[in-house]
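Before any comments, here is the structure.
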Amino acid sequence: MPGTSALPIGVDIGQRHIKAVQLKGSPGRWSISAAGAILRENPDAQADRTDALQLRNLLATGGFKGRKIILAVPGKHLLTGIMELPPRNSGAPLGQLARNELSRLHRCEPDSFEMACWDLPDPARAGGLTYVMAAGCEHQYANSLVDTIESEGLEVAALDIRASAISRACGPMLDGVSGIVAVLDLGWSRAHLVLLHQDVIVYERKLTKCGIGAVVESLSRELKLHRQRAEALLMETGLSSPASNVGSEQRQGVSSASETYCRTLVEEMRIPLSYLGNQYPDALPETLLIVGSAATIPGVEKQLDSLLDFHVRTVRPGDVVTCTSDIDERFGPSIIAAAGLGQFSVRATSEQL
């Protein structure tokens, strides 16, 4: 893969899949020039040289150009915190204070991690203080991750914050929205909730009880099915009318599991939304965007929409960038994070680690 002037490739290494997206164009006129996904040989494990080799092969055969990539810091290695700092006009070293506070929250040395931080909109009772959200990644892990991926001839141009990548990709869906926007990333072991106000990430939370993998395992036990068959049934049937070859017992089991899953998601979101309501009482939840591999379970969007007091919409690639119908159909919401990583700019220092 010779070096080119092409944009870096957004690479999303999830628990089960590696997804990659390369864009062309510019902000507001992005289009997908290449996209691909591959099942990891060692699912659920930390990224290793096997993943690096799989990624290199995916990029070499998938129409991608160049070897520069943008990676997201895995959630369990991301240090985050919301903090109250002195007024910005006080002359206090806010950056260092934020670093010290983040180190205290996560019990690590202040100089042991790279950090990004951004100001939050003033809450109702700001009291003249500066409210900041910070995110960091320890150097030891970052160096290990970069060395592992670059062992196969790739070049990691930057590490990004996954929540930032997803919200960046969903930017075209936020035009004209004045209230709170919730983005729900539905993954295998957990869901990830990101809340935005005034186009700024103001809260993020891992919903550990909301991984679709637990639903699959439960269905596999209850219906006495192989896990792969249970997963296929869930993704094909969900809460919608099933195919004719699905028995009534299986239909009822899948529908019940899907409905319980949606109710659990809503329940897990109540505390974050309540917190945000206290912080910004004049801004009401307006939209929920759902992304991730499990976002295409039939009926989930409709069920969440019926359980919530605001609009729910599944985000597909074609909603936010220009792409072929084949890419939109094959990958759907699963590549939204990778598309956001592909929009990363090394000049976007407020979001860069």
Only listed residue being within 26 Å of His197 (Cα to Cα) and of a type in the set (Lys, Arg), chosen from Arg67, Arg125: Arg125
Residue that is surrounded by 20 or more Cβ atoms within 10 Å (Cβ to Cβ), under 20 Å from Gly238 (Cβ atoms), of a type in the set (Phe, Trp, Tyr) and within 18 Å of the chain's Cα centre (by Cα), where the choices are Phe344, Phe331: Phe331
Subset of region 273-312 (residues that are under 17 Å from the mean Cα position of the chain (by Cα) and more than 30 Å from Ser220 (Cβ to Cβ)): Thr287
In region 215-239, residue modelled with the lowest pLDDT [restricted to those that are surrounded by 16 or more Cβ atoms within 10 Å (Cβ to Cβ) and outside any helix (DSSP H, G or I)]: Leu239
Filter pass, Asp305 being more than 30 Å from Leu23 (Cα to Cα) and in a loop (DSSP other than H, G, I, E, B): no
All positions within region 69-100 that are touching a Pro at 6+ places or on another chain (Cβ under 7 Å) and surrounded by fewer than 18 Cβ atoms within 10 Å (Cβ to Cβ): Ala92, Asn100
Subset tally (residues that are of a type in the set (A, V, I, L, M) and in contact with a Lys or Arg (Cβ under 8 Å, 6 or more places away or on another chain)) for region 77-136: 4
Selection status of Gly292, in contact (Cβ under 8 Å) with a residue 12 or more places away in the chain and within 20 Å of Arg162 (Cα to Cα): yes
So Glu155, is it of a type outside the set (Ser, Thr, Tyr) and out of contact with any Pro (no Cβ under 9 Å at 6 or more places or on another chain): no
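The values are calculated or read from the model by the stated rules, or taken from the named source; none is laboratory data. Because the structure is predicted, anything quoted here is derived from the model rather than measured. Note: ideal-geometry Cβ built from the backbone for every residue, glycine included; neighbour counts use all protein chains shown.
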